[in-house]
Amino acid sequence: MRSQEVEVQADKKVVAVLTVEIFETVQEATDHLGEAVALSLINTQHKTTKMNLERQKATKKVTQKQLYNEAVALLAAEDNGAKLIASAGNPAEMQVLIDEKMGALREKYGLANPEA
């Protein structure tokens, strides 16, 4: 696990700086947050991403980052992230998994040519 400092803004002003944990694996997140919280966060992000994709499908504006986030959320939810965990030491293998999932999402949502 590593940490990242993030600025919290309100009315375009920084009101706080937080240190946020960045988890390297789903298991690490589960160990740190507990299974119920980790699963809730994954499901919430998955739902939000899916809703955004549907909204953007209607306007035909979907970014690669949005497809990437949805792909990672889906992979993390499948078999408790087993495929992601297994590929954690091999970035190329992980990217293949993500690319395949992104391709499936493009097809599912009819987004053959998403915006970058």
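Since every read-out is calculated from the coordinates, none of them should be taken as a lab result. Just so we're clear, the structure is a prediction, and the values are computed from it rather than from any experiment. Note that we place each Cβ from the backbone using ideal geometry, even for glycine, and neighbour counts take in every protein chain shown.
A few points about this structure:
- Beta bridges from DSSP with both residues in the chain: antiparallel share about 90 percent, rounded to the nearest 5.
- Note, ³J(HN,Hα) from phi for the range 65-78, Karplus 6.51, -1.76, 1.60, rounded to Hz, x at Gly and Pro: 4, 5, 5, 4, 4, 5, 4, 5, 4, 5, 5, 5, 7, 6
- Each Lys or Arg adds one and each Asp or Glu takes one away; over the other residues whose Cβ falls under 13 Å from the Cβ of residue 86, this sums to -2.
- Computed as a quarter of the hull surface, the mean projected area of the alpha carbon convex hull for the chain stands at 8.7 nm².
- Mean separation of Cα contacts under 8 Å (6+ apart) over length of the range 34-109, as relative contact order %: 32
- Radius 14 Å from Cβ of residue 98, net charge of other residues (Lys, Arg +1; Asp, Glu -1): -1
- Residue pairs exceeding 30 angstrom between C-alpha atoms, taken from 12/65; 12/61; 47/83; 13/101; 12/83; 61/101: 13/101; 12/83.
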